[in-house]
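Structure, as structure tokens:
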Amino acid sequence: MALDALDACPDRARRLDTLSVGQRYRVRLACLLGARHDVLLLDEPTNHLDADGVDFLTGRLREHDGGLAIVSHDRALLRDVANRFLDLDPTRDGKPRLYAGGYDAWQDARRRERERWEQDHEQQQDERRRLQDAVSRARDRLSTGWRPDKGTGKHQRQSRAPGVVQALHRQQDALRAHRVDVPEPPPTLRMTDPGVRPGAPQVRAQGVAVAGRLAGPVDLTIDGGDRLLVTGPNGAGKSTLLAVLAGALEPTDGYVWTAPGARVARVTQETAGQGTDRTAGEVYASRVGKLVAGGVLADADTVPLGSLGLLDSTAMRTPVGRLSPGQQRRLDLALALAGRPTLILFDEPTNHLSSALADELTTALRHSTAAVVVATHDRQVLRDLADWPRLRFGETSTPGSVH
């Protein structure tokens, strides 16, 4: 039943290594749900599921009478099935937080705590800056007292020197005693402006099809500032279409034209292995170096990794193979944004992203001047971007045209 409900694979004799990423994942999930375990431990269970698959999974989890623990960034699923949340995102004291009361109560408590964190951190920084200014002023007065200009008042200035020295020492002691015990809050996502003119041609696809993977013909016109949602069941060709638009796959029918000067970036569903030895910062620097060497970017247009607000300093120094899936996903986003793309193609962009970062990404995409194409099953993203034009893939119909 679970195999059929999740549409895991209609051909039971087909080899697993011939299935798409999403199909293989659904087979594994169906086997887990069909076993009727007493305790279910699920890690991102809605990744690669279409709408019907998510509905089936949600129903089974609600009906499950045993123990259930879910690691997920699917905000809609968390709303539907969870009543307690163990939040492992960074906190001011480095300890996890346990929240009760449902999804909205969790988000409200997180928001209030983050606001207090930011306020306390800023107050401590303000006080430190005030003390530093006081020390600088006292030192200036001391310098003036010990080295007065020639002429009248010389002895008067020297008589004031001991008091100025004492004032300087007091200010220095206060600065040393001042504790900055509230760490800086984690950064938030900041997408750089690619400088693309609204309506500037980016990509044209005419009569595109890929044998066995993407039924055609598909006609697309994407210009600067355009928005497009691509939806449909797994295996219908959404990922294939994005690969064709990015120039990573040649269509068997039709053609794709990319405008001169257009910078196209694609974020795939799965993290592309960047190796295990190099750090995230080294991988990013290598990507930027290649973009500059290839003439895609000028030196003045390079984007520092820290400015994107995706990885903290510790993660930047960590070998990629030791990063968590969420951190690797953040690196994927950073690598895509490194070239200031004028067209960004996102394939399930919220996979492995925290709820907070998923919200930040959605907001950034809405305000970016770049053209954006998003293929997703994420129900919250679909609700947030419901006003975007949509290209719908079906099992028996061709997707048609979008202009």
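The values are calculated or read from the model by the stated rules, or taken from the named source; none is laboratory data. This is a predicted model, so every value here is computed, not measured. Note: ideal-geometry Cβ built from the backbone for every residue, glycine included; neighbour counts use all protein chains shown. Each accessible area value is taken on the protein alone, full model and side chains, heavy atoms only, with ligands, DNA and RNA left out. Shrake-Rupley method; radii C 1.70, N 1.55, O 1.52, S 1.80 Å.
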Quick one: with all protein chains in place, what share of the accessible area of the chain is carbon or sulfur, to the nearest percent (1.4 Å probe)? 49 percent
Taking every other residue with Cβ under 12 Å from the Cβ of Thr376 and scoring Lys and Arg +1, Asp and Glu -1, one gets -2
Can you run phi through the Karplus equation (6.51, -1.76, 1.60; θ = phi - 60°) for the stretch 99-110 and list ³J(HN,Hα) in whole Hz, with x for Gly and Pro? 10, 10, x, x, 4, 5, 5, 4, 5, 5, 5, 4
Set the Förster distance to 35 Å, then compute FRET efficiency between Arg128 and Asp277 from the Cβ-Cβ distance, nearest 0.05. 0.35
List the residues whose amide H sits under 5 Å from the amide H of Arg390, counting only those 5 or more places along or on another chain, with H placed 1.01 Å from N in the peptide plane. Leu229
On the formula 1/(1 + (r/R0)^6), with r taken between the Cβ atoms of Ala109 and Thr314 and R0 of 35 Å, the FRET efficiency rounded to 0.05 is 0.85
Nearest-ten-degree value, helix 325-337 long axis tilted from longest Cα axis of the chain: 80 degrees
Compare Arg92, Arg84, Arg15 in a GNM of the chain, Cα atoms joined below 10 Å, and give the one with the largest fluctuation. Arg15
Potential lengthening between Asp219 and His367 on full extension [0.36 nm per residue; Cα-Cα distance subtracted]: 50.7 nm
So between Gln166 and Arg62, what do we pick up on full extension, going 0.36 nm a residue minus the alpha carbon distance? 30.5 nm
For Leu40, residues with placed amide H under 5 Å, excluding near neighbours: Gly67, Leu68, Ala69
Could you do me a favour and compute the accessible area per residue for the chain, 1.4 Å probe, result in Å²? 53 Å²
Would you mind calculating the relative contact order of the stretch 37-126 from Cα pairs under 8 angstrom and at least 6 residues apart, reporting the percent as a whole number? 22 percent
Taking Cα atoms, the helix 21-34 axis meets the longest principal axis of the chain at an angle in degrees (rounded to 10) of 80 degrees
Rounding to the nearest 10 and keeping the result within 0 to 90°, find how far the Cα-based axis of helix 51-63 lies from the longest principal axis of the chain. 80 degrees
Normalised per residue, the volume inside the convex hull of the alpha-carbon atoms of the chain in Å³ amounts to 199 Å³
If each DSSP helix of 4+ residues adds -39,500 (n - 2.57) and the sum is divided by the residues in the chain, what number results at 222 nm, nearest 500 deg cm²/dmol? -13000 deg cm²/dmol
Apply the Karplus curve 6.51 cos²θ - 1.76 cosθ + 1.60, θ = phi - 60°, to the phi angles in the stretch 66-75 and return the couplings in whole Hz, x for Gly and Pro. x, x, 8, 10, 10, 9, 7, 10, 6, 5
Roughly how many whole Å is it from the C-alpha centroid of the stretch 180-237 to that of the stretch 46-88? 27 Å
Fraction of antiparallel bridges per DSSP, the chain only, in percent to nearest 5: 40 percent
Most mobile of Asp89, Asp226, Asp11 in a GNM of the chain (Cα contacts under 10 Å): Asp11
What does the extension gain come out to for Asp140 and Lys95, with contour length at 0.36 nm per residue minus their alpha carbon separation? 11.9 nm
